[in-house]
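**Q** Before anything else, here's the structure in question.
The values are calculated or read from the model by the stated rules, or taken from the named source; none is laboratory data. Every value quoted in this text rests on a predicted model; they were computed, and no experiment measured them. Counting neighbours? That spans all protein chains shown, and the Cβs are built from the backbone with ideal geometry, glycine included. Remember, those area values only see protein heavy atoms, side chains included, never the ligands or the DNA or RNA. Shrake-Rupley method; radii C 1.70, N 1.55, O 1.52, S 1.80 Å.
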Amino acid sequence: MAENKKKILILTSDAGFGHRSASNALKTALSQKYPNQCEVAIVNPLDDPRTPAFLRESEEDYIRLIQKAPEIYRLGYKASDNEIPSTIIENLLILALYEVMGEIVRTHLPDAIVSTYPMYQGALRAYFDLNGVCVPLIVVVTDLISVHRLWFETGVDLCLVPTEEVKKLALENGMKAEKIRISGIPVSPQLTKNKHSKEDLRQSLGWETDLSTFLAVGSRSVDRLVETLRVVNHFGLPLQIAVTAGKDRALLDKLHATDWHIPAHIYGYVDNMPDMMLAADAIICKAGGLVVTESLAAGLPIMLIDVIPGQEEGNRDYVVQNGAGVMAAKPMEVLETLAHWMRDGRKGLQKEAENARRIGRPQAAIDAADLIWEAALRGPGGKGPISDIRRTRLIDLLTRNKINWESKKK
């Protein structure tokens with residue numbers, strides 16, 4: 001039976017946790033829906049030693065930049081999200097990743113490839129074109145509204161988008177409607193399988209069962225968490241807090257050193273986030289695509305305390321405009337949010353929980369798994385004539401905008 005298994009390759013990145021989390025959710029969903037029928041491998045091409053150093057270091061540079069100079073990151077994101085800059089970046093990525101992508105494809109021999117990161121599609125398509133092969137390529141977009149045009153490589157077989165707004169962006173960037181599916185961002189299938197009450201889950205986690213419970217999600221890319229928790233700690237009403245620090249050791253030390261006046265459950269990196277979300281009444285986090293999507297799927301009102309400029313601004317707007325949470329960037333806004341949520345028997349909290357459930361897509365990974373499986377069943381095939389479409393497109397763009405691209409040397 002093993003030799004008949006379909007091989008599915010998921011390409012991801014560790015720039016933040018969202019891309020990896022979506023990949024893990026897809027792998028789990030595929031393994032659950034098609035047990036003994038597929039082999040799923042998750043690979044980060046930026047970990048490959050053959051990848052140029054500037055790309056291998058980009059994940060850590062991303063964290064440093066959003067911590068130290070978020071406005072510079074915003075400027076770069078906005079400036080690059082235009083036709084000429086994005087085409088130049090795409091061509092650079094093709095040159096930088098072409099050999100690595102080819103080696104990954106030859107090593108894994110996949111029946112289908114899934115990408116949860118926008119930097120890989122161009123290099124994969126170039127490799128397919130120049131080698132006369134075609135492996136079905138599915139892109140899974142991991143932000144809700146503000147999405148960079150690099151995601152929308154028109155040559156992919158399928159683009160799975162989270163919202164109608166992102167579908168419109170895909171169409172504006174040249175993707176054909178028949179290649180686009182609105183499926184949501186993949187979240188852990190565990191969020192759909194829970195049969196326990198919040199009280200039972202809290203008991204299993206060692207939490208108080210009868211207190212209003214807030215879950216706070218931290219990491220190195222989350223600012224303002226400590227000052228937010230200081231407000232929660234001194235709010236005055238009966239409640240408890242559970243806090244995850246991820247891999248941020250400095251944050252974990254600060255949390256352990258805090259003089260807590262409420263029941264506080266402190267964790268580093270956790271692998272049972274779905275259970276913790278389902279046990280909570282609300283969540284405190286930044287506006288990352290995956291943590292927001294998971295929170296909505298779990299029916300959790302969201303207190304957003306941080307937003308990475310660029311792609312996360314749309315996530316914030318989506319939550320706030322749908323009445324599923326608030327932006328609370330200052331201590332007074334945190335205090336106001338807690339007061340509004342907790343008054344009148346927690347009516348405010350309950351209303352936002354209803355809105356979160358309304359727009360959440362807990363089935364997203366399972367729905368995506370079906371589409372990926374269909375692609376894997378088709379499997380690799382031959383390809384038409386080799387094209388030079390990217391170089392031609394770049395030259396046309398430069399010429400159209402009166403930019404001299406030719407060498408001055410004769």
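**Q** DSSP loop (so not H, G, I, E, B), at most 15 other Cβ within 10 Å: list which trypsin sites (Lys or Arg not before Pro) in the range 184-218 pass both filters.
**A** Sites meeting the loop and neighbour criteria: Lys195.
**Q** While we're on this one: Leaving ligands and nucleic acids out of the surface, order Cys159, Cys134 by accessible area at 1.4 Å, largest first.
**A** The ordering from most to least exposed comes out as Cys134, Cys159.
**Q** OK, next. Report D for the range 186-341 in µm² per second (integer): Stokes-Einstein, Kirkwood Rh on Cα pairs, 4 °C, 1.567 mPa s.
**A** 83 µm²/s
**Q** For the chain, what Kirkwood radius comes out of the mean inverse Cα-Cα distance, in Å?
**A** 22.5 Å
**Q** In whole angstrom, note down how far apart the Cα centers of the range 85-157 and the range 310-324 are.
**A** 27 Å
**Q** Follow-up question, since we're still on this one. In whole angstrom, how long is each semi-axis of the equivalent ellipsoid of the range 77-175, when you take the square root of 5 times every eigenvalue of its Cα gyration tensor and sort them from largest down?
**A** Square roots of five times the eigenvalues give 23, 16, 11 Å.
**Q** For the chain, report the accessible area per residue in Å² (1.4 Å probe, heavy atoms, rounded to an integer).
**A** On a per-residue basis, 46 Å².
**Q** I need the GluC sites (Glu not before Pro) found in the range 105-183, filtered to DSSP loop residues with at most 16 other beta carbons within 10 Å of theirs.
**A** none
**Q** Right, another one. Of all chymotrypsin sites (Phe, Trp or Tyr not before Pro) in the range 178-275, which ones are in loop regions per DSSP and have a Cβ with at most 11 other Cβ atoms within 10 Å?
**A** Loop-located and lightly packed - none at all.
**Q** Not counting ligands, DNA or RNA, and with a 1.4 Å probe, what is Asp259's accessible surface area in Å² rounded to the nearest 10?
**A** The accessible area comes out at roughly 110 Å².
**Q** A further question on this structure: Eigenvalues of the Cα gyration tensor times 5, then square-rooted: what semi-axes does that give for the range 101-140, in whole angstrom, largest first?
**A** Output for the range 101-140: semi-axes of 15, 12, 9 Å.
**Q** Ratio of Rg to Rh for the range 244-299, alpha carbon only, Kirkwood?
**A** Radius of gyration over Kirkwood radius for the range 244-299 works out to 0.98.
**Q** Expressed as a whole percentage, what fraction of the accessible surface of the chain belongs to carbon and sulfur atoms when a 1.4 Å probe is rolled over the protein heavy atoms?
**A** The nonpolar share, carbon plus sulfur, comes to 51 percent.
**Q** With a 1.4 Å probe and all protein chains in place, put Glu333, Glu354 in order of accessible area, largest first.
**A** Glu354, Glu333
**Q** Can you pull the Rg over Rh of the range 261-387, Cα-only, Kirkwood?
**A** 1.13
**Q** Let me ask something else. If Met303, Met273, Met327 are ordered by their accessible area, calculated over protein heavy atoms with a 1.4 Å probe, which sequence runs from highest to lowest?
**A** Descending accessible area places them as Met327, Met273, Met303.
**Q** Could you work out how much longer the chain between Lys351 and Thr107 gets when fully extended? Use 0.36 nm per residue separation minus the Cα distance between them, nm to one decimal.
**A** Full-extension gain reported as 82.8 nm.
**Q** If you don't mind, another one. Ignoring everything but the protein chains, give the 1.4 Å probe accessible area of His261 in square angstrom, nearest 10.
**A** Roughly 110 Å² of His261 is accessible to a 1.4 Å probe.
**Q** Ok, one more. Calculate I(q)/I(0) for the range 112-167 by the Debye formula, one identical point scatterer on each C-alpha and no solvent, and give its log10 at q = 0.25 Å⁻¹ to two decimals.
**A** So the normalised log intensities are -0.97.
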